[in-house]
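The values are calculated or read from the model by the stated rules, or taken from the named source; none is laboratory data. Computed from a prediction, not measured in an experiment: that's the story for all the values here. With ideal geometry, Cβ positions are generated from the backbone for all residues, glycine too; neighbour counts draw on all protein chains shown. Side chains included, ligands, DNA and RNA excluded: accessible areas come from the protein's heavy atoms. Shrake-Rupley method; radii C 1.70, N 1.55, O 1.52, S 1.80 Å.
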Amino acid sequence: EPHRRSAGEKLRRTCGEGSDGGTEDPRVHQPLHYTQDDKWSCGFRNTQMLLSSLLPRLSAKFPHGVPSILSVQSALEDLWSAGHDPSSARHHGRSIAGTERWIGAVEVWSYLTWLGIDSVLVQFIGDRANRALLGEFCWRYFARTVGDDAGCDSSRHGEDEGG
């Protein structure tokens, strides 16, 4: 069977990542990586990494850069106080700032939507067939929602299917 490129490889090639790992297109932004030295902050670190990848488009919402974990925790409490995401508010006892409680995809989605950032929460269950759909889903989602505006030519997606 011919080699199939992953959706991530296709996205990098189509959106202009150079061979040195840098980008040829200034609209394509390399996200920051956040290390984790504990067992509780992975959801917050993933949120920070996600926001770092969106900073060029969200600089008005985050003029001082990527928010700290405490800032995200405080924002969660604010949105819960306003009645947004009552299920997570109940789960966390309406208090999370300064704690070592974990957050998951629902809290990240809640935070993003609270900030007015268009987001979609999709669950891919643990079996191999469903997980195999994740890359294709991401490709189609970003090609549809970002498309040429991000320097991506979604029409090139299928051209290298054969390897």
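How many nm is it between the label spots at T35 and H64, if each spot is 7 Å from the Cα in line with the beta carbon?
Result: 2.5 nm between the two label points.
Give me the accessible area of Y111, 1.4 Å probe, in Å² rounded to the nearest 10.
Here the residue's solvent-accessible area equals roughly 10 Å².
Given a 1.4 Å probe and the protein chains all in place, what does the accessible area of D78 round to, in Å² to the nearest 10?
90
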